[in-house]
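These notes concern the structure reproduced below.
The values are calculated or read from the model by the stated rules, or taken from the named source; none is laboratory data. Just so it is clear, the model here is predicted, and its values are computed rather than measured. Cβ: placed from backbone, ideal geometry, glycine included. Neighbour counts: every protein chain shown.
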Amino acid sequence: MNARRNTVVSLELAEKLFCRSRGFCYWIIMTRLVNRIVTIGLVVLLAACATTPTAKVNNTSKTFSTVVVDAGHGGKDSGAYRRYGPPEKAVALDVAQRLDRKLRESQLKTVMTRSSDVFIPLNDRVAIENAQRNAIFVSIHFNDSRRRGIKGFETYYRSGPSFDLANRIQAKLMTIPNSANGGVHTANFRVLRLASCPAVLVECGYLSNRSEGNKTRDWEYRELLADRIAEAIVEQRFGAGVYRASTQVAAQSPPQEPASGDTGSATGATRR
Ligand SMILES: [Zn+2]
């Protein structure tokens, strides 16, 4: 108690001593004012920086009539590569085509960013995505890691209106038996950041993982992936219980196996 009183007294004394000079007091007040203005300015600047890189997003997450289906990579960009089995660009296209068919069967209009093994620059994909009215964007990828043990589905989004869709797709993928949950995350991928509609990117498992990589070679498994993603999209638009699954026996153009003697090195991979 005494110590506290002593502190108060000494502070008052110090103030009296300093404030003998009016100029010094004025200087203290000005310094405080400047500090406050600088702090407010920084907060405003930070808030502005956080919002500028994102495109303005139309919230069509419950009204959309079109789904832009984006098969990741293509052409010179193989994406994640495996020594055995088709590269990411091939399996992503196969799942995307299956998804495309299922969505059209569910009375949704679709636009594919690519329907063959061609290279499409990311900016062109963004242009296709943003040219659609009343749409959502779904990008199909497979993952890769140097750590062979890592596995699981991951779904990425950027804008608030994309959050529901991302969660729904992840939850539906998790109904596949023995699946691992890599979670729903935000990411600054260009196709998400510059999208003017709700947009998600689905990583349908790790090609680098023995179990997930092997499953992906099986067309029935790829059909299952497409089916779960389609169900999530249809439920997002029309509500639960509306989706009717259909199975296609084989793909029109099965994913190509790499040429024999291939070293398995990635060539010109552009991530997302
Ligand atoms: Zn990819």
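Key figures
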quantity	calculated
Count of region 215-228 residues which are closer than 21 Å to Ala80 by Cα and either in a strand (DSSP E or B) or touching a residue at least 60 places away in the same chain (Cβ under 8 Å) (or both)	7
Single residue of region 77-107 satisfying the filter (of a type outside the set (Ser, Thr, Tyr), farther than 20 Å from Val234 by Cα and away from the ligand (no atom under 14 Å from the Cβ)) that is modelled with the lowest pLDDT	Arg83
Selected residue [closer than 21 Å to Pro87 by Cα, under 13 Å from the mean Cα position of the chain (by Cα), in the same structural domain as Lys89 (by TED's automatic domain parsing) and among the polar types (S, T, N, Q)] from Ser139, Ser162	Ser139
Residue count, region 129-186 (criterion: free of Cβ contacts under 8 Å to residues at least 40 places away in the same chain and at positive phi)	2
When residues of region 165-176 are limited to those that are out of contact with any Phe, Trp or Tyr (no Cβ under 9 Å at 6 or more places or on another chain) and outside any loop (DSSP other than H, G, I, E, B), the one nearest to Val57 (Cα to Cα)	Arg168
Residue match in region 176-186 (condition: surrounded by fewer than 18 Cβ atoms within 10 Å (Cβ to Cβ), over 21 Å from Val91 (Cα atoms) and within 14 Å of the ligand (Cβ to nearest atom))	no
Enumerated strands (runs of 3 or more DSSP E) restricted to region 49-152, each holding at least 2 residues that are touching a Leu at 6+ places or on another chain (Cβ under 6 Å) and surrounded by 24 or more Cβ atoms within 10 Å (Cβ to Cβ)	66-71, 135-143
